[in-house]
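Here's the structure, in structure tokens; my notes come after.
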Amino acid sequence: MTGGRVSVYKARAVRVALVLSLVSVAGPPARAAVPARSASTVPVPVQGGVMPVTAAPSLTPGPAHYRPVVLGHRAFPVARSNYLSFLRILNSWHAPRLRLVAGEWRLVGVHEGIDIGAETGAPVVSMTSGVIENVGWTFYSGQRVGVRGDDGAYYLYAHLSSVWSGIVVGSGVTPGRLLGRVGSTGYGSEGHRDEFPPHLHFGVQHGGEWTNPYPLLVSLYTEAVTRQGAAQRALDALAASGDTEAWRAAADRLYLGLAPPPGE
Ligand SMILES: [Zn+2]
């Protein structure tokens, strides 16, 4: 990009900025881009001293992802990592669930949620505002986070590969807040994984009864993709105009986590 044609396209850029302002967003302001993290040596305080340790390799995919679109105080619970992200909402409400036990497939129950297929490491975000009610392992859910929404409903995010370190019981969350990463944990004792392809199991309980979140998920995802598509086209227009500053501001509005959130 160059800055030579900025003045010619300034009015156009303003119109584009107005389009972008229609995208409702959540989370902390985006920060400057940084290179993707890799294994590195970081200082960790140990009983008054500082001991160098090797940090975990970066989770895949990279830290930047589409900023969640918040509609009616709700966000779709998996963030698209980039424009090629694979997400699939499976209409699996009340589907039979089988498990291989001692060489025989056994019906272990019906599915009381919706599965969202995604890449391992895709960001899982809170659909609603509320309070973290539980974090940790259960046999079927694997590594999971439960949120008690401000609406009184219970929201379950299961099979996570990791939970963000800022997510602890009692802490508050807002729509779009990072909870953890998509994984394939569960159907076994702690640490068990890969019984199935990576996905988010998303469940909603009202008054102690699981309810079908499929229509809500489809509506949130459809609207989010529509708005992100419009924002992406606006970004393209700014790139063509050569207005680097406006492009940068627009990119920050479209993408969250151009730097990783603190503590992850
Ligand atoms: Zn499921």
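The values are calculated or read from the model by the stated rules, or taken from the named source; none is laboratory data. Note that this is a predicted model, so its numbers are computed, not measured. We work out accessible area using only protein heavy atoms, side chains counted, and drop any ligands, DNA or RNA first. Shrake-Rupley method; radii C 1.70, N 1.55, O 1.52, S 1.80 Å.
What the stretch 64-129 shows is 47 Å² of accessible area per residue, with the surface traced by a 1.4 Å probe over protein heavy atoms. Annotation: extensible slack from residue 223 through residue 190 equals 8.2 nm (criterion: 0.36 nm per residue apart, minus Cα-Cα distance).
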